[in-house]
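Down below is the structure, laid out as structure tokens.
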Amino acid sequence: MKMAGNIFLIGLMGAGKSTVGRLLSKSLDKTFYDSDHEIERKTGVNIPLIFELEGESGFRKRESQAIAELVVLNNIVLATGGGAVLLQENRDALSAHGIVVYLRASVDELWHRTRGDRNRPLLQTENPRERLQTLFSQRDPLYREIADLVIDTGGQPVTSIVTQIEQCLKVKDANA
């Protein structure tokens, strides 16, 4: 199946953006990008080191630059970092250049998926589950603000999530 345009996946860490994005891009014959991987590729270091050296604000600056470069490509599926929506310029860029899909999961589900991952700088705290709850509370309204589709990823296989997105996109295409 081939669909016109770009698809941008947003949501908190652990929502499944990269995993769903890879499978969705194959299914729709699009090129897959992950903004975090692009940042790591360009800088030659991992995200935790960028956070350590430049802080979250330095990372967000790099993230904005990566998003600005990626959204203007054609026929892509882009998995964004969980905090990409924090800056208005990123929300505007994503909204203007493609269909935005919010992959939503409960805090419990996100905690279950991320609890052993040491590669997530924002969860390296005394109480990572509480931190996830705070991030969810802050970001959920921002995700919803720009989402063309909201897909619940909790408790279902990746293939089902991809099929659900494809079906929603077909309906959207048909109504366009």
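The values are calculated or read from the model by the stated rules, or taken from the named source; none is laboratory data. Source: prediction; values computed, not measured. As a convention, Cβ positions derive from the backbone with ideal geometry for all residues, glycine included, and neighbour counts pool all protein chains shown.
Report, by residue number, each residue of the stretch 40-75 that is touching a Gly at 6+ places or on another chain (Cβ under 8 Å), of a type in the set (A, V, I, L, M) and over 23 Å from Q138 (Cα atoms).
The one that is touching a Gly at 6+ places or on another chain (Cβ under 8 Å), of a type in the set (A, V, I, L, M) and over 23 Å from Q138 (Cα atoms): V71.
G83 fails exactly one of the following numbered conditions: (1) modelled with pLDDT of 95 or more; (2) within 14 Å of the chain's Cα centre (by Cα). What is the number of that condition?
Tallying (1) modelled with pLDDT of 95 or more; (2) within 14 Å of the chain's Cα centre (by Cα), G83 fails exactly one: (1).
How many residues are touching a residue at least 24 places away in the same chain (Cβ under 8 Å), assigned to a helix (DSSP H, G or I) and hydroxyl-bearing (S, T, Y) if we restrict to the stretch 122-172?
2
If you check T43, T31, T19, which single one turns out to be surrounded by fewer than 22 Cβ atoms within 10 Å (Cβ to Cβ) and within 18 Å of S160 (Cβ to Cβ)? If you could, list the steps in order and put the result at the bottom.
Working: T43 fails: within 18 Å of S160 (Cβ to Cβ); T31 fails: within 18 Å of S160 (Cβ to Cβ).
Result of the check over T43, T31, T19: T19.
So A84 clears everything in (1) among the hydrophobic types (A, V, I, L, M, F, W, C); (2) buried (at least 22 other Cβ atoms within 10 Å of the Cβ); (3) touching a Lys or Arg at 6+ places or on another chain (Cβ under 6 Å) except one condition, right? Which one?
A84 satisfies all of (1) among the hydrophobic types (A, V, I, L, M, F, W, C); (2) buried (at least 22 other Cβ atoms within 10 Å of the Cβ); (3) touching a Lys or Arg at 6+ places or on another chain (Cβ under 6 Å) except (3).
Whether any residue in the stretch 92-111 is assigned to a helix (DSSP H, G or I), touching a Ser or Thr at 6+ places or on another chain (Cβ under 7 Å), of a type outside the set (S, T, Y) and surrounded by fewer than 21 Cβ atoms within 10 Å (Cβ to Cβ) is what I want to check.
No - not one qualifying residue is present in the stretch 92-111.
Testing D140 on (1) closer than 29 Å to P157 by Cβ; (2) surrounded by 20 or more Cβ atoms within 10 Å (Cβ to Cβ); (3) at pLDDT 95 or above; (4) not basic (K, R), one condition comes back false. Which one is that?
Failed condition: (2).
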